[in-house]
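Reading through the C-alpha cells given below for one structure.
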Amino acid sequence: MGNLTRFDVLGVGVHAINMEQAVAAIDQAVRHRRKGYICVTGVHGIMEAQSGSEFKEILNNSLLTAPDGMPTVWVGRLNGFRNMDRVYGPDLMLEVLRLSEQRGYTHFFYGGAEGIAEKLADALCARYPRLSVVGMYTPPFRPLNPAEELALRERVMQTRPDFVWVGLSTPKQENFMARHIGVLDCTLMVGVGAAFDIHTGRTEDAPQWVKRAGLQWLHRLVQEPGRLWKRYLINNPKFVFKIALQLLKRGFSPRLQERWNG
C-alpha cells in the first residue's frame, strides 16, 4: 500500500507501521477507491498461517496487514523499524470512525452474536453522532448458504458502504474477506476480531499498561480460558521459538524487508 514496507514474520508479510500511518493509508485507499481487505494480525494469526499456505497467502495478499500485538512490533523494531507500533483492531476501528465523521464515510457491520451488530451501531453512533452506519448482517455460526450469500450481496449492493467491518475470529474473518472482497459492493473490508464485543461491553478490554507490556493475551485467557487456552498456551511458546530461530538465522537487520518490497 503506497510506500509502506512489509517485513517477514515467519513467512507473513506484516506492514511496518503505527496507528497514525495505518489510518492515513486507509483514508487514502478509500479516497482513491482502492478496493481490498485489511488484516489486523498478531501472534495468533501468524501461527495459524504456519499450518498451511492458503491462509498465509490471504494475509500476504491483503491491502494492509497491520501488527496487532506487541510481540510482532518487537520483532519489527529488532529489524530496524523503530517507528513501528501496535495497531490494535478495536482502537483502529475507533480511529477510522472518528475520521469518518469528517469524511462522510459509510459503514456496514458483519459479524457478532445475535443482536450484537445492532448494539454496536447504537453504541458507536452515540459516541460519534455524525457517523453513518448504513447496514449490518449477523451471520450464522456456519458458512453462508446460497440464499444467505445472495441476501448479503443484495444488502451491501443497496447501501454500497465504504467499509465493511468484519467481527469474526481468526482465521474465519480473513477467509471471509478474501472470498468476498471481489463480490461485495464496498471499498474496504476490515477484520477486527473482538472489537464488536469490546465496543458493546460484552468483553472487557485490557488496561493500557497490560497491552503495552504484551500481556493482553493473559487478560483474555483469564476471561475465556476454555476457548483460548490452546491459542495462547501452545501457540505463544511456539511463536517465541520459531521467531528466535528466524532472527538468529537472518540476523537483526532490516534486510528482512527486501522480500516484500516492490
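Each Lys and Arg contributes +1 and each Asp and Glu -1, all at the Cβ; summed about the Cα centre of the range 26-137, the dipole is approximately 500 debye. Computed from the Cβ-Cβ distance with R0 of 25 Å, the FRET efficiency linking GLN102 to MET157 stands at 0.45. Annotation: peptides 78-86, 136-144, ranked by per-residue average of other Cβ atoms within 10 Å with the highest first, follow the order 78-86, 136-144. Share of the range 1-90's accessible area from carbon and sulfur, percent, 1.4 Å? About 42 percent, which is the carbon plus sulfur part of the accessible surface.
Using a 10 Å cut-off on Cβ atoms, rank the peptides 187-197, 173-183, 98-108 from the highest mean neighbour count down.
Details: 187-197: 24.9, 173-183: 18.9, 98-108: 16.8.
Highest-to-lowest ranking by the protection proxy: 187-197, 173-183, 98-108.
Among LYS35/LYS56; LYS35/LYS249; LYS119/LYS238; LYS56/LYS238; LYS35/LYS119; LYS119/LYS172, which pairs are too far apart, with a Cα-Cα distance over 26 Å?
Details: LYS35/LYS56 20 Å; LYS35/LYS249 37 Å; LYS119/LYS238 37 Å; LYS56/LYS238 17 Å; LYS35/LYS119 28 Å; LYS119/LYS172 22 Å.
Flagged as over cut-off: LYS35/LYS249; LYS119/LYS238; LYS35/LYS119.
For GLU118 and LEU150, the difference between the fully extended length at 0.36 nm per residue and the C-alpha to C-alpha distance is 9.4 nm. Between LYS35 and ARG77, residue separation times 0.36 nm minus the direct Cα-Cα distance comes to 12.2 nm.
The values are calculated or read from the model by the stated rules, or taken from the named source; none is laboratory data. All values reported here derive from a predicted model rather than from experimental measurement. Note that each Cβ is placed from the backbone with ideal geometry, even for glycine, and that neighbours are counted across all protein chains shown. Heads up: the accessible areas ignore ligands, DNA and RNA and are worked out on the full protein's heavy atoms, side chains in. Shrake-Rupley method; radii C 1.70, N 1.55, O 1.52, S 1.80 Å.
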